[in-house]
1. Would you mind telling me which numbered condition in (1) closer than 29 Å to GLU269 by Cα; (2) of a type in the set (D, E, K, R); (3) in contact with a helix residue (DSSP H, G or I) (Cβ under 9 Å, 6 or more places away or on another chain); (4) not in a loop (DSSP other than H, G, I, E, B) LYS345 fails?
2. Restricting to region 533-548, and then to whatever is within 10 Å of VAL470 (Cα to Cα) and of a type in the set (A, V, I, L, M), can you tell me which residue is surrounded by the fewest Cβ atoms within 10 Å (Cβ to Cβ)?
3. Residues that are of a type in the set (Val, Ile, Thr): find the strands (runs of 3 or more DSSP E) completely inside region 517-621 holding 3 or more of those.
4. Mind checking whether some residue in region 121-130 is of a type in the set (S, T, N, Q), under 21 Å from LYS160 (Cα atoms) and not assigned by TED's automatic domain parsing to the domain that holds ALA545?
5. Regarding ALA381, is this residue in contact with a helix residue (DSSP H, G or I) (Cβ under 8 Å, 6 or more places away or on another chain) and closer than 17 Å to VAL319 by Cβ?
6. Which one is farthest from LYS487 (Cα to Cα) among residues in region 501-532 that are crowded, with 16+ Cβ neighbours inside 10 Å and among the small types (Gly, Ala, Ser)?
7. Tell me yes or no: at least one residue of region 296-307 is out of contact with any helix residue (DSSP H, G or I) (no Cβ under 8 Å at 6 or more places or on another chain) and modelled with pLDDT of 95 or more.
8. Could you please tell me which pairs satisfy a Cβ distance under 9 Å, a separation of 6+ or placement on different chains, a first residue in region 600-615 that is of a type in the set (Gly, Ala, Ser), and a second residue that is surrounded by 24 or more Cβ atoms within 10 Å (Cβ to Cβ) and modelled with pLDDT under 95?
Amino acid sequence: MVPHRGCLQRSQETLVKFICKNLGNMAEEGASISPGAVERETCELTDVSVMEENEKSSRSNETQIETDESGADVYRYIKDDLFTSEIYKIEIQNLPKFVSFSDLRKFLSRNNLVPHKIKLFGKKPFAFVTFKEEKDRDQAMEVLQGQVWKNRNLHVRLAKPKADPIAKKRKQGGIEDDDHEPKLPVPVEVLDRSLSEQIADVVTPLWNIPYEEQLKKKEQNVLQVLGILTTEIGAHNRAFVPWVFQQKKMYGGTCCPLEGVMPSPVLTEYRNKCEFLIGVGANGEDKTVGWRLGKYKGGSCAVVEAFDTVHIPAKTKEVVKAFQKYIRSSPYSVYSPETYEGHWKQLTVRISRTKQVMAIIYFNPQKLTKPEIAELQSELAKYFTEGDGKDCGVTSLYFAEEGQRKSPNLEDLPLDHVHGDKYLYEDLLGLHFRISPHAFFQVNTLAAEVLYSAVGDWANLNQDSTVLDVCCGTGTIGLSLAKNVKKIIGIEMCQEAIEDAKVNAKRNGLSNVEFLCGKAEDLFPTVINSITSQNLVAIVDPPRAGLHSRVVLAIRRAEHLKRLIYVACNARAAMNNFVDLCRASSHRVKGSPFRPVKALAVDLFPQTMYYELLILFERVE
């Protein structure tokens, strides 16, 4: 086959990235949408499907907010007191040809810039980059303006916020004023299916596929990811090319063996944490608690009840039904993400195997007074203790006023403890854990035991071992290993989770543990340099976006760290971390590289395409 003429002009590394990008897209086919992911926040107002409109909007330095001809303010959302990074937005022009999203993200990281969102467009690449704060945006303007990157002088300027998708559709006549739904033809196959089936396809797309087939699909997905990693390793470390070639022959095209996909012990009703939106139902029923059937940028805010979905526990559904009954009788309306009016926004339900139930209610106070909010909280407490909601067994009730949120993360929102216990308590691998409302805990407890047992087996620990548990949450991984090692050091940025971890260590009689609160990129370099143990193992379990590049660089520099177990909930998002661990040493990446030794997937999310991926990396001597 003769390569395309344009491809011949690219470097070998760029060509490999181009191929891997296409393979990565294949790997993502069929990915499900989790309950939390369907929430539409004001910071996600992006409609990237029409590139021409993006280019037009980017070609103006105009900062005045306009009202369109129909009277709908397509920029109203930036005036409200809610977080949106769209007001701290820049456009970067004259980017290098063939630059990828990964290239741009790494370039910004090297310049000590921390963007909130990056959108890359066009044959002559330009990018929109947003930041969480004005000072971060101004720093980016100063640092990037005129900087030379790959022989290109960058041009940077302020960019207009993105227009609200629904307001824009209304302006274009695509939405009826009476029902706020798009004037689009509905496919016959959709009309023939019930709403419960449609929402099941959104949140649990594999719900009607036999479980053995689900596992096979996930295995193929993991093999695609490992295939991408294999190609990337060869492209970024020429010294590894003979090793890569040998590994591919041994393991069917991948850089390390895949030890299978371990099944979940429970296939239904496994989620111990669920997040539900509150809105107008797809069937016209007001004040519905569930999930969105479509995306906000597609012009729909309709919510479908979750009562028939297979991954939600019966106890959680009881809480949802009781809460829905309450809000339907209350005088307060649901919050509208289009008009920013209304009150009821979201319900989060957490349960434990110890029969505890925590409910967190998110409410926009609008112009309600403090006494009115206090009265509402009192009514809710009475409803769940004495009223019709008593039977659903809520043992812990929290209330959050979301009107003043300055961050995209719900975890940054202060909570009012309204009733009952302040914490959940859960048993895992023979240990007893306290869990705060915002603290991370794996959503499938039984499958988490399988995952953490595999981590312990791979770590190859003894009484002289020191374990660095990065992104440790409530301390689950580290504490489960503590009896077999000399020292556990956990790092976590959530203050609530760190407090839980310290309490959990005491509750379980473990004294050889230390938990530190802060960002991993700030703490890890200092912590790892202070450890003199030659029997050191690092276990990292970061959020979906992966580890900060500074953490990976610190890992590479710490030559006494020989073994690393990476727990990835989104392997594609973590690919840059994997590659940086294995790439050749350079002026920027110091220290000997790692190589993947083996991989294992654990199915924590039956009925979806998600899974947890473990990769054991060992340093090359």
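1. Condition (3) is where LYS345 drops out.
2. So, considering only residues that are within 10 Å of VAL470 (Cα to Cα) and of a type in the set (A, V, I, L, M), the one surrounded by the fewest Cβ atoms within 10 Å (Cβ to Cβ) is ALA538.
3. 536-540
4. Yes.
5. no
6. ALA520
7. no
8. ALA601/ALA571
The values are calculated or read from the model by the stated rules, or taken from the named source; none is laboratory data. Just so it is clear, the structure is predicted and the values come from calculations on it, not from any experiment. We place every Cβ from the backbone using ideal geometry, glycine too, and count neighbours over all the protein chains shown.
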